[in-house]
Amino acid sequence: MAKANPGLQAWSDLLHRHREPHLVVGWTRNVNRWRDEAFFDLIGRQRPAGRYSVKRDLDEKRGQYLLIAAFGQESDARQFAEAIGAETIARYPGYASQRGFKYGNKFGKTLKAAMQRGKLGKRVQVDPGKKSP
(Lines give C-alpha, C1' and ligand atoms only; values in the text may rest on other atoms or scores of the structure.)
Protein backbone atom coordinates (compact mmCIF):
# COMPACT_ATOMS: atom_id res chain seq x y z
CA MET A 1 0.00 0.00 0.00
CA ALA A 2 0.98 3.62 -0.45
CA LYS A 3 2.14 5.71 2.51
CA ALA A 4 -0.38 5.71 5.33
CA ASN A 5 -2.75 8.66 5.32
CA PRO A 6 -3.64 10.19 8.68
CA GLY A 7 -7.32 9.81 7.74
CA LEU A 8 -7.01 6.02 7.40
CA GLN A 9 -8.88 4.32 10.26
CA ALA A 10 -9.52 0.77 11.37
CA TRP A 11 -12.88 -0.43 9.97
CA SER A 12 -14.49 -0.70 13.42
CA ASP A 13 -13.26 2.78 14.41
CA LEU A 14 -14.70 4.37 11.28
CA LEU A 15 -18.07 2.68 11.80
CA HIS A 16 -18.06 3.81 15.43
CA ARG A 17 -17.36 7.44 14.45
CA HIS A 18 -19.60 7.48 11.36
CA ARG A 19 -22.75 5.42 11.87
CA GLU A 20 -23.66 5.59 8.16
CA PRO A 21 -20.47 6.10 6.15
CA HIS A 22 -20.34 6.42 2.37
CA LEU A 23 -19.48 3.15 0.63
CA VAL A 24 -17.52 2.44 -2.55
CA VAL A 25 -17.34 -1.28 -3.28
CA GLY A 26 -15.95 -3.39 -6.09
CA TRP A 27 -16.76 -7.02 -6.74
CA THR A 28 -14.95 -9.73 -8.66
CA ARG A 29 -14.71 -13.50 -8.87
CA ASN A 30 -10.99 -13.27 -9.64
CA VAL A 31 -8.91 -13.72 -6.49
CA ASN A 32 -5.87 -12.04 -8.08
CA ARG A 33 -7.85 -8.87 -8.72
CA TRP A 34 -9.16 -9.08 -5.17
CA ARG A 35 -5.58 -9.17 -3.87
CA ASP A 36 -4.50 -6.22 -6.05
CA GLU A 37 -3.40 -3.19 -4.00
CA ALA A 38 -4.04 -0.56 -6.72
CA PHE A 39 -7.63 0.07 -5.56
CA PHE A 40 -6.40 0.93 -2.06
CA ASP A 41 -3.31 2.81 -3.29
CA LEU A 42 -5.46 5.15 -5.37
CA ILE A 43 -7.42 6.21 -2.29
CA GLY A 44 -4.20 7.15 -0.53
CA ARG A 45 -3.01 9.12 -3.54
CA GLN A 46 -6.25 11.10 -3.56
CA ARG A 47 -5.63 12.11 0.06
CA PRO A 48 -9.23 12.15 1.34
CA ALA A 49 -10.08 15.19 3.46
CA GLY A 50 -11.88 13.09 6.08
CA ARG A 51 -11.56 9.72 7.70
CA TYR A 52 -11.84 6.52 5.69
CA SER A 53 -11.27 2.79 5.97
CA VAL A 54 -10.65 -0.05 3.54
CA LYS A 55 -10.97 -3.81 3.65
CA ARG A 56 -11.44 -6.95 1.61
CA ASP A 57 -14.40 -9.22 2.19
CA LEU A 58 -16.38 -12.07 0.68
CA ASP A 59 -20.02 -11.90 -0.39
CA GLU A 60 -20.87 -15.59 0.03
CA LYS A 61 -24.44 -15.09 -1.16
CA ARG A 62 -23.28 -13.79 -4.56
CA GLY A 63 -20.01 -15.75 -4.63
CA GLN A 64 -17.91 -12.62 -5.09
CA TYR A 65 -14.80 -11.13 -3.56
CA LEU A 66 -15.26 -7.53 -2.39
CA LEU A 67 -12.90 -4.55 -2.26
CA ILE A 68 -14.50 -2.06 0.10
CA ALA A 69 -13.83 1.56 0.99
CA ALA A 70 -15.93 3.54 3.46
CA PHE A 71 -15.61 7.30 3.84
CA GLY A 72 -16.78 9.60 6.60
CA GLN A 73 -17.31 12.43 4.11
CA GLU A 74 -19.55 12.04 1.09
CA SER A 75 -17.30 14.31 -0.99
CA ASP A 76 -14.37 11.90 -0.54
CA ALA A 77 -16.50 8.94 -1.62
CA ARG A 78 -17.84 10.87 -4.61
CA GLN A 79 -14.35 11.94 -5.71
CA PHE A 80 -13.03 8.38 -5.49
CA ALA A 81 -16.10 6.94 -7.25
CA GLU A 82 -15.76 9.46 -10.08
CA ALA A 83 -12.07 8.62 -10.51
CA ILE A 84 -12.85 4.93 -11.02
CA GLY A 85 -16.26 5.17 -12.69
CA ALA A 86 -18.27 3.57 -9.89
CA GLU A 87 -22.06 3.88 -10.21
CA THR A 88 -24.79 4.32 -7.61
CA ILE A 89 -26.01 1.01 -6.16
CA ALA A 90 -28.33 -0.11 -3.34
CA ARG A 91 -27.03 -3.53 -2.25
CA TYR A 92 -25.82 -2.98 1.28
CA PRO A 93 -27.99 -1.48 4.04
CA GLY A 94 -26.57 0.91 6.62
CA TYR A 95 -24.62 3.28 4.38
CA ALA A 96 -25.50 6.90 3.64
CA SER A 97 -24.53 6.43 -0.01
CA GLN A 98 -23.31 3.48 -2.05
CA ARG A 99 -21.35 3.29 -5.26
CA GLY A 100 -20.06 0.15 -6.89
CA PHE A 101 -18.25 -1.35 -9.84
CA LYS A 102 -17.41 -4.74 -11.27
CA TYR A 103 -13.65 -5.30 -11.15
CA GLY A 104 -13.07 -6.83 -14.58
CA ASN A 105 -10.71 -6.13 -17.49
CA LYS A 106 -12.41 -2.83 -18.32
CA PHE A 107 -12.13 -1.65 -14.72
CA GLY A 108 -8.46 -2.63 -14.63
CA LYS A 109 -7.81 -0.16 -17.47
CA THR A 110 -9.88 2.51 -15.72
CA LEU A 111 -7.95 2.00 -12.49
CA LYS A 112 -4.60 2.13 -14.29
CA ALA A 113 -5.60 5.43 -15.93
CA ALA A 114 -6.77 6.84 -12.58
CA MET A 115 -3.45 5.86 -10.98
CA GLN A 116 -1.59 7.55 -13.84
CA ARG A 117 -3.69 10.72 -13.42
CA GLY A 118 -2.78 10.65 -9.74
CA LYS A 119 0.92 10.60 -10.63
CA LEU A 120 0.66 13.36 -13.23
CA GLY A 121 -2.12 15.41 -11.68
CA LYS A 122 -4.09 15.44 -14.94
CA ARG A 123 -6.41 13.27 -17.02
CA VAL A 124 -4.69 10.67 -19.20
CA GLN A 125 -6.39 9.32 -22.30
CA VAL A 126 -6.58 5.52 -22.42
CA ASP A 127 -6.63 3.82 -25.81
CA PRO A 128 -9.33 1.10 -25.42
CA GLY A 129 -7.71 -0.92 -28.23
CA LYS A 130 -4.31 -0.99 -26.57
CA LYS A 131 -3.55 -4.02 -24.44
CA SER A 132 -2.04 -3.57 -21.00
CA PRO A 133 1.51 -4.88 -20.54
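The values are calculated or read from the model by the stated rules, or taken from the named source; none is laboratory data. Bear in mind the structure is a predicted one, so any value in this text is a computation, not a measurement. Glycine also receives a Cβ, built like all others from the backbone with ideal geometry; neighbour counts cover every protein chain displayed. Side chains are part of the model used for accessible areas, which takes the heavy atoms of the whole protein and leaves out ligands, DNA and RNA. Shrake-Rupley method; radii C 1.70, N 1.55, O 1.52, S 1.80 Å.
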Problem - Binned Cα-Cα distance frequencies in the range 1-116 - 5 Å width, integer % - result: 2, 12, 24, 27, 21, 11, 2, 0
Handout entry: Rounded to the nearest 10 Å², the accessible area of L58 at probe 1.4 Å
Key = 90 Å²
Exercise for the section: Within the range 73-103, find all residues whose amide N lies under 13 Å from a label point positioned 7 Å from the Cα of R117 along Cα-to-beta-carbon. Expected result: 78-86
Problem - Cα-based Rg of the range 55-111 normalised by 2.2 N^0.38 Å, two decimals - result: 1.14
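Mind pulling up the Rg/Rh value for the range 15-70? Radius of gyration and Kirkwood radius, both on Cα. Walk me through the numbers on the way to the answer.
Values: Rg = 12.1 Å, Rh = 12.2 Å.
A ratio of 1.00.
Arrange the residues T110, T28 by how much accessible surface each exposes, largest first, with a 1.4 angstrom probe. Please list the in-between numbers first.
Working: T110 45, T28 10 Å².
The residues order as T110, T28, largest area first.
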Problem - Pair R62, A49: separation of 7 Å Cα→Cβ label points (nm) - result: 2.9 nm
